[in-house]
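Asks: Submitted below is the structure of interest, expressed as structure tokens.
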Amino acid sequence: MSWIPFKIGQPKKQIVSKTVERDFEREYDKLQKLEDQTKKLHKDMKKSTEADLAMSKAAVKISADLLSNPLCEQDQAFLESMTALDTSMKRMDSFNQEKVNQIQKTVIDPLKKYSGVFPSLNMAVKRREQALQDYKRLQSKAEKYEEKEKTGPVMVKLHQAREELRPVREDFEAKNKQLLDEMPKFYHSRIDYFQPSFEALIRAQVVYFTEMYKIFSELTDQIDQAGLTDEQRERDTEAKLSELRALSIVADD
């Protein structure tokens, strides 16, 4: 009755040690977290640069609106202040665009390219898992024949099962060894890969804010002729607002 088909189950022999499985799971878990963090960082950097551009574009729009205010036609000093503001906002927008372009090339694009490696890695892990399942299936099959009475037909089946098992076992062991060797190397390489990008990000920010300091210092010199403090300006504004509220056309009924 040795020819009767039997259900293939899990092998009795432990074909992968618990230590190896723990090592594999630990290394792969680290790479999965790295993939998630890389994708999140890429998304956050894109949102940050988009917000930067939106901010400077909005500042340019505000200065243009102020410059087109009818008050500029009546007050030369106000016109000069708004012209200085408009020029400064356009300069800021230009430097901001340069900064964003630099960050795109040195940070965002490298992050995207790095994220593009993970699908291949995940596929290699899936191939390893498939090889392991094939290994377990054929190992279980061989064990079933080993447990049977050693008749001629059974010995032929056992020999065939072992011959079928051998290349599958070698394939799994090769895939397993390659991943265990290369996953830690890939993980540790992240520092060398990302360090230049983060240094470039810092330099881009330093250059941008250095230019912003110059632009706004010059703008302050142009429009802050009175040299008033913020508190003095606030008091003056409140005083003028009180005068406006005292007018009959805005008085409460």
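Asks: Give the angle, between 0 and 90 degrees and rounded to the nearest 10, that separates the Cα long axis of helix 76-103 from the longest principal axis of the Cα atoms of the chain.
Replies: 10 degrees
Asks: For LYS40, give me every one of the lysines with a C-alpha distance below 24 angstrom, ignoring sequence neighbours fewer than eight places off in its own chain.
Replies: Candidates past the 8-residue exclusion: LYS30, LYS99, LYS105, LYS112, LYS113, LYS126, LYS185.
Asks: With an 8 Å cut-off on Cα pairs and a minimum separation of 6 or more residues, tell me the relative contact order of the range 1-141 in percent.
Replies: The normalised contact order for the range 1-141 reaches 44 percent.
Asks: Charges at C-beta only: +1 for Lys and Arg, -1 for Asp and Glu. How large is the resulting dipole of the range 60-99 about its Cα centre, in Debye rounded to 20?
Replies: So the magnitude is around 220 debye.
Asks: Out of the total accessible area of the range 152-201 (probe 1.4 Å, heavy atoms of protein only), what percent is carbon and sulfur? Write out the running numbers ahead of the final one.
Replies: Numbers: 1790 of 3220 Å².
Ligands and nucleic acids excluded, carbon and sulfur give 56 percent.
Asks: Then there is this: Just grab the label-to-label distance for ASP192 and LYS150, each label 7 Å out from Cα along the Cβ direction, in nm (one decimal).
Replies: Simple spin-label model gives 5.5 nm for this pair.
Asks: Please compute the contact order of the range 99-236 in relative form: average sequence separation of alpha-carbon pairs under 8 Å and at least six residues apart, divided by the residue count, as a percent.
Replies: Dividing the mean separation by the residue count of the range 99-236 yields 37 percent.
Asks: Let me ask something additional. Cross-link list LYS12/LYS150; LYS150/LYS175; LYS136/LYS177; LYS90/LYS240: which exceed 24 angstrom alpha carbon to alpha carbon?
Replies: LYS150/LYS175; LYS90/LYS240
Asks: Right, another one. Rounded to the nearest 0.05, what FRET efficiency do GLU238 and LYS39 give with R0 = 51 Å and r taken as the Cβ-Cβ distance? Could you check?
Replies: 0.55
Asks: How many percent of the alpha carbon pairs in the range 152-225 exceed a separation of 15 Å?
Replies: Within the range 152-225, distances greater than 15 Å cover 77 percent of Cα pairs.
Asks: Another one. Per residue, how many Å² of accessible area does the range 147-201 show with a 1.4 Å probe?
Replies: About 67 Å² of surface per residue is accessible.
Asks: Run the quick spin-label model on PHE78 and LYS18: label points 7 Å from Cα toward the beta carbon, then report their separation in nm to one decimal.
Replies: In this crude label model, PHE78 to LYS18 measures out at 8.2 nm.
Asks: Right, something else. How big is the dipole moment of the range 1-118 about its Cα centre under a simple scheme where the beta carbon of each Lys and Arg is +1, that of each Asp and Glu is -1, and everything else is neutral? Debye, nearest 20, please. Don't skip to the end; give the middle numbers.
Replies: On the way: 21 positive and 18 negative charges, 268 e Å.
With Lys and Arg at +1 and Asp and Glu at -1, about 1280 debye.
Asks: Stokes-Einstein D for the chain at 10 °C, 1.306 mPa s, Kirkwood Rh over Cα pairs, in µm²/s? All intermediate terms of the calculation are to be shown ahead of the outcome.
Replies: Details: Rh = 25.5 Å.
D, rounded to a whole number, is 62 µm²/s.
Asks: Still on this model: Can you tell which of MET123, ALA58, ALA77 lies farthest toward the positive end of the dipole of the range 49-138, using +1 and -1 charges on the Cβ of basic and acidic side chains (Lys, Arg; Asp, Glu)?
Replies: MET123
Asks: Could you tell me how far the Cα centroid of the range 26-61 sits from the Cα centroid of the range 76-114, in Å?
Replies: Using only Cα atoms, the two centres lie 19 Å from each other.
Asks: Let me ask another. Roughly how tilted is helix 152-223, in degrees to the nearest 10 and between 0 and 90, from the longest Cα axis of the chain?
Replies: Between the helix axis and the principal axis of the chain, the angle is about 10 degrees.
Asks: Here's a follow-up. About its Cα centre, what dipole magnitude does the chain give when the only charges are +1 on Lys and Arg Cβ and -1 on Asp and Glu Cβ, stated in debye to the nearest 20?
Replies: Values: 44 positive and 45 negative charges, 629 e Å.
Computed charge dipole of the chain: roughly 3020 debye.
Asks: What accessible area per residue, rounded to a whole number of Å², is obtained for the range 27-115 using a probe radius of 1.4 Å?
Replies: Averaged over the residues of the range 27-115, the accessible area is 58 Å².
Asks: Would you mind calculating the relative contact order of the chain from Cα pairs under 8 angstrom and at least 6 residues apart, reporting the percent as a whole number? Display every interim value, and only then the final one.
Replies: On the way: 144 pairs, mean separation 76.2, N = 253.
Normalised by residue count, the contact order of the chain is 30 percent.
The values are calculated or read from the model by the stated rules, or taken from the named source; none is laboratory data. Remember, it's a predicted structure, so these values are computed and weren't measured experimentally. With ideal geometry, Cβ positions are generated from the backbone for all residues, glycine too; neighbour counts draw on all protein chains shown. Accessible surface areas use protein heavy atoms only, side chains included; no ligands, DNA or RNA. Shrake-Rupley method; radii C 1.70, N 1.55, O 1.52, S 1.80 Å.
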